[in-house]
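Structure first, then comments.
Here, each number is a calculation from the coordinates, and none is a lab measurement. Owing to the predicted nature of the structure, the values given are computational and were not obtained by experimental measurement. Don't worry about glycine lacking a Cβ; one is built from the backbone with ideal geometry, like all the others, and counts go over all protein chains shown.
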Amino acid sequence: MWHQFYELAGVDITKEPMEVGPTCHYVMGGVEVEPDTAAAVGVPGLYAAGEVAGGMHGSNRLGGNSLSDLLVFGRRAGMGAAAYVKQTTAVPVAEATVASAAARIEAPFARSGGENSYSLHAELQEVTHNLVGIIRTGDELKDAIAKIADIRKRSANVAVSGGRKFNPGFHLAFDLDNMLLVAESTAKSAIGREESRGGHTRDDFPGMDMGWRQHNHISSFDGIQVTVRKQALPFMPKELFSLFDVEELKKYMTPDEVAKGGSN
């Protein structure tokens, strides 16, 4: 860290104060997958692991756990994908489908006087940083959702100049769809979860709600907007429960859950 600050900012942190601030470190949400095969739910042939997949780390990833996650579920994803390919014959793709996808990707080049991808990206950054940050409130999240919807509407009119190769503006125009999807999913999940837990802090709901402990939010997109639903999770298996200090579990579980001692 000393070397990084000294080389990049000319600051000797052993003698001078250094400026720090929150930034995106790890995405704990992601693609919903089957745990045994890492197959994406609802998308045959897609496999995901690590930071791309969601649900592994609960409300807060502990240091070092991401490596274990990659080793275990990366292997499962590879094996699952290999098994899928072996049992699946080649699926023909219609030329019209390919042409439609290509036209969508290249559409920004055909527009003139449209929205600037850099400006929309900066605006989306500002909205999510200010309103969907580490500490959120319901009013801020409502404001963010409305602003994200406006940016999504304007992003349909992004215009790009130049060619496809080595063109950051074009790449950003294409990436905006995914950024908007993640931003809207995050904001809508956060506004629905009226509690504070791990990396999610609601200033208007500062405590943990036991009714939320074993639930995830699952997002889906219909091409226009994101819909979020609450999904219950299975209780911890007995063999896993036995590995924990019961006194530590009492901080997070209800007395009935602790007494149950895990599921069969």
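Against the conditions (1) part of a loop (DSSP other than H, G, I, E, B); (2) surrounded by 12 or more Cβ atoms within 10 Å (Cβ to Cβ); (3) not basic (Lys, Arg), Leu62 satisfies every one except (2).
Among residues that are within 28 Å of Ala40 (Cα to Cα) and without any contact (Cβ under 8 Å) to a residue 40 or more places away in the chain, Leu67 is included. Of all residues in segment 150-160, those that are touching a residue at least 40 places away in the same chain (Cβ under 8 Å) and surrounded by fewer than 15 Cβ atoms within 10 Å (Cβ to Cβ) total 1. Residues that are surrounded by 10 or more Cβ atoms within 10 Å (Cβ to Cβ) and free of Cβ contacts under 8 Å to residues at least 12 places away in the same chain within segment 1-33 comprise Gln4, Tyr6, Ala9, Val11, Asp12, Glu16, listed in sequence order.
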